[in-house]
Amino acid sequence: MDDETTLTTLTMQVVAAYGSFNRVRPTEIEAIVQTVRACLDAVGRPPAAAEPTAQTPTLTRAQIRRSITPDGLVSFEDGKRYKQLKRHLAARGLTPAGYIAKWGLPADYPMVAASLSAARSAVAVRSGFGRKPPAAPAIEPASPPAEPEPPVIMQPPEPEPEPAPPAPPPLELKAPRARVVGRLSLFGPRSVAGSRGS
């Protein structure tokens, strides 16, 4: 097979695979075939001389100086003011070094506004960052640890005993005197005198 036949065969295979997975209108087929053939034909050849792209304008020192203000930095990409350029540049696919090289900025060009940097510094100073801790006092040799005291167990106070009631006075037991006054009957006591007279 020669190169032309191979190129045509590959082009048809790629277009058929594309058409089987995508919806293609009949009017679009010709453009797809031409695009695929041109791409496959360019494989293995050195790229043609690239068209000259628009050069980034060179910046004057005054423009660079005016882009740096205490409250923000003016981006040369879109002309807007930012407190920090790192996130803005990352969203555009640039690194700080690439941005500096692209625009011909000095190597010490700031990426953070002076006011934001001062605010961060003040927070760090209040938090104690950057300070050395105070010198610790000299440590004396430790004596052997004393035995810990046994824990004190708190018990509720015992209630005070109630005073005993006063003892009752001793009972005097007197034997009753036996005195017969009358006789006993079923109907109660009767006097002796009454029984005689009756």
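Here, each number is a calculation from the coordinates, and none is a lab measurement. Everything quoted here is computed from the prediction, not taken from an experiment. Every residue, glycine as well, gets a Cβ built from its backbone with ideal geometry; the counts of neighbours run over all protein chains shown.
Annotation: amide H of Thr69 within the under-5 Å range of Val74, sequence separation 5 or more or interchain, hydrogens built in the peptide plane.
Quick one: net charge around Ser117, please, counting Lys, Arg +1 and Asp, Glu -1 for every other residue with C-beta under 12 Å from its C-beta. Residues near Ser117 contribute +1 overall. A simple spin-label model places the labels of Gln84 and Met111 1.0 nm from each other, with each point 7 Å out along Cα-to-Cβ. Between Ala101 and Leu40, the simple spin-label model (points 7 angstrom out along Cα→Cβ) gives 3.8 nm. Multiplying the residue separation of Arg61 and Phe129 by 0.36 nm and subtracting their alpha-carbon distance yields 20.9 nm.
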